[in-house]
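> Below: one structure in structure tokens.
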Amino acid sequence: MKLYIIAFFIATLCFCGCTKKSGCQNESAINYDASATEYDESCVYNYFGVLKWENEDAFLSANDINIISIYFGEVVIGENIKVAEFDINKELNCDADDWIAFNKQYYIHPNSNDKSKSTILSIIDQDGDEIFTSEIELTPNTCNEISFLFK
């Protein structure tokens, strides 16, 4: 009988102590799981900030562009934005409502030591024409202030 009790006790310890929980083990990820015992490559990082253009009058007005849509790759950041609502003389600031704010989450490959996210910024006018495109780098968990010039 003692042998059965000891075997049951050992089996219970092994079963309870050997259970693995998969999850994100990187504390800077938005889906960090402190109870995860096994890394499952699922970490997602938050990228936020503001976008500002520098030469609205010189380009947008000259080309009769009143409305724009902004994309990071295929992801819509802002759609049908009225350019007249923004004052290009205001300072770029993540704490203000003066410019176009974004907040997106991206999965970054776990083998990457650099958690920055490279993406394509595209601006489309009201006629569907691409008026700006550029590769940009986003840093997770900090305000990304992105300023650009139309040409």
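> Please give, to one decimal in nm, the separation of the simple spin-label points placed at residue 64 and residue 20, each 7 Å out from Cα toward the Cβ.
Rounded to a tenth, the inter-label distance reads 6.4 nm.
> Can you tell me the length gained on complete extension of the stretch residue 149 to residue 134, counting 0.36 nm per residue apart and subtracting the Cα distance?
Going from the current span to full extension adds 4.3 nm.
> Measuring from label point to label point, each 7 Å out along Cα→Cβ, what is the residue 40 to residue 89 span in nm?
Going from the residue 40 label point to the residue 89 one covers 5.4 nm.
> So who's got an amide H within less than 5 Å of the one on residue 131, skipping anything under 5 residues away but keeping other chains? H placed 1.01 Å off N, in plane.
123, 124, 125
> Radius of gyration and Dmax for region 38-108's Cα atoms, expressed in Å?
15.6, 57
> What does the highest-first list of 66-72, 140-146 look like by mean Cβ count within 10 Å?
Top of the packing list down: 66-72, 140-146.
Rule-based calculations on the coordinates, nothing more; no lab input. Given the structure is predicted, the values throughout are model-derived calculations rather than measurements. Cβ atoms come from the backbone with ideal geometry, glycine included; neighbour counts cover every protein chain shown.
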